[in-house]
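The next block holds one structure in the form of structure tokens; read it before the comments.
The values are calculated or read from the model by the stated rules, or taken from the named source; none is laboratory data. Since we're looking at a predicted model, the values are computed, not measured. Here Cβ is always computed from backbone atoms with ideal geometry, including for glycine, and neighbour counts include all displayed protein chains.
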Amino acid sequence: MIRLKRIHCLLALAASILLLASCEGNANEQAQAEKASSEQRISQPPVQPVITRDGRNVHIAMTAQVTDVEISKGVFYNAWTFNGTVPGPVLHVKEGDTIHFTLHNMDPDVPHSMDFHAVHAAPSKKFIDIMPGEQGSFSYSADTPGVFMYHCGTKPVLAHIANGMYGMIIVEPKDGYPSDNEIDREYTIVQSEWYKEQDFEDFLNGEPEYVVFNGTDYSLSQPPLLAKVGDTVRIYINNAGPNEVSSFHIVGTIMDRVYLDGNPRNILYGMQTILLPASGGAIVEFTVTEAGDYPIVTHQFDHATKGAVGILRVTADGMDNGDPVSGH
Ligand SMILES: [Cu+2]
């Protein structure tokens, strides 16, 4: 198993031995102290993002941090996160806004960065690494409406996404969606995979241990999502991967409208299942006509069985009736 967080310590140890051969004892002590400190499992409390608006300028301040997150009941993963949660916070901006983004890297060991799929930007200038303990600020305009992934883009990207550094940014169209006035309820779902903790070999060649919605294998069933009979429901969905596609499906209904990648011009009608590539997003809308529990799944049932199941509970008054969830 490769412990990525320790690579720099090993490099420091190697450098110390090469460059300070005459002080071998001191170098070894220093390297060992660094190694010991980096091997302490830290868990930094979640820090709330700070988001303020000034006209068409949106200021977003986020953290990169190491935090234990619960991925199944009683199962914790020492994750690399944005703001201490996986997925990171859902960001909302409007088409035409300028995003002024600041990333504070609280991780004591590893550089991190931010890659917004919602913007045009030179990655070599705007998605650059922020060193441990430092912060960086970047500005970009959000000119394309949609439902986009954001993620850490630091190499190896696979490790940073598999360890939890991703989330959803919604760029609302300047004129809204054609169906806005029909929507009664909205939810956001990010699908992703969990592998063996901090195990790059498993990220690369293994199978996910969990495939989840919103970070855990129970987040959308305990408690269930809710709707009232007759409601039209909108779900913003994004598949963070890092490796698998999603075959997004809601049992017992048909998606009346789908906006692929959340663009109002990419509209499809009457869809049973939508394919979301890794990083892909969509808005799905449907009307629930009968009371009951509607499972939300990826129709790749190995992945659903590994956790990617939610429940939309539809009741006469839209309140939870407290029944045990019934689902797939
Ligand atoms: Cu990162």
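Quick grid of which residues meet (1) in the same structural domain as residue 88 (by TED's automatic domain parsing); (2) buried (at least 21 other Cβ atoms within 10 Å of the Cβ):
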{"site": "138", "(1), (2)": "yes, no"}
{"site": "149", "(1), (2)": "yes, yes"}
{"site": "155", "(1), (2)": "yes, no"}
{"site": "163", "(1), (2)": "yes, yes"}
{"site": "190", "(1), (2)": "no, yes"}
{"site": "199", "(1), (2)": "no, no"}
{"site": "208", "(1), (2)": "no, yes"}
{"site": "221", "(1), (2)": "no, yes"}
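Results for (1) away from the ligand (no atom under 16 Å from the Cβ); (2) in contact with a Pro (Cβ under 7 Å, 6 or more places away or on another chain), shown as yes or no for each residue.
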residue	(1), (2)
150	no, no
158	no, yes
186	yes, no
209	yes, no
213	yes, no
224	yes, no
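Considering the stretch 86-105, and only residues there that are of a type in the set (Val, Ile, Thr) and surrounded by fewer than 19 Cβ atoms within 10 Å (Cβ to Cβ), the residue that is nearest to residue 211 (Cα to Cα) turns out to be 90.
Residue 290 falls short of the stated requirement of being of a type in the set (D, E, K, R) and surrounded by 20 or more Cβ atoms within 10 Å (Cβ to Cβ). The single residue among 131, 165 that is at negative phi, within 14 Å of the ligand (Cβ to nearest atom), touching a Cys at 6+ places or on another chain (Cβ under 8 Å) and at pLDDT 95 or above turns out to be 165. For residue 145, the criteria (1) surrounded by 23 or more Cβ atoms within 10 Å (Cβ to Cβ); (2) within 30 Å of residue 71 (Cβ to Cβ); (3) more than 16 Å from the ligand (Cβ to nearest atom) hold in every case but one, which is (2). Screening residue 121 on (1) away from the ligand (no atom under 16 Å from the Cβ); (2) within 26 Å of residue 42 (Cβ to Cβ); (3) in a loop (DSSP other than H, G, I, E, B) shows it passes everything except condition (2).
Taking residue 108 as the residue in question, decide whether it is outside the structural domain of residue 264 (by TED's automatic domain parsing), part of a loop (DSSP other than H, G, I, E, B) and surrounded by 20 or more Cβ atoms within 10 Å (Cβ to Cβ). If you could, list the steps in order and put the result at the bottom.
Working: outside the structural domain of residue 264 (by TED's automatic domain parsing): yes; part of a loop (DSSP other than H, G, I, E, B): yes; surrounded by 20 or more Cβ atoms within 10 Å (Cβ to Cβ): no.
The answer is no for residue 108.
Of all residues in the stretch 38-74, those being surrounded by fewer than 16 Cβ atoms within 10 Å (Cβ to Cβ), without any contact (Cβ under 8 Å) to a residue 40 or more places away in the chain and β-branched (Val, Ile, Thr) number 2. Note on the stretch 124-164: residues that are closer than 25 Å to residue 58 by Cα, among the charged types (D, E, K, R) and part of a loop (DSSP other than H, G, I, E, B) amount to 3.
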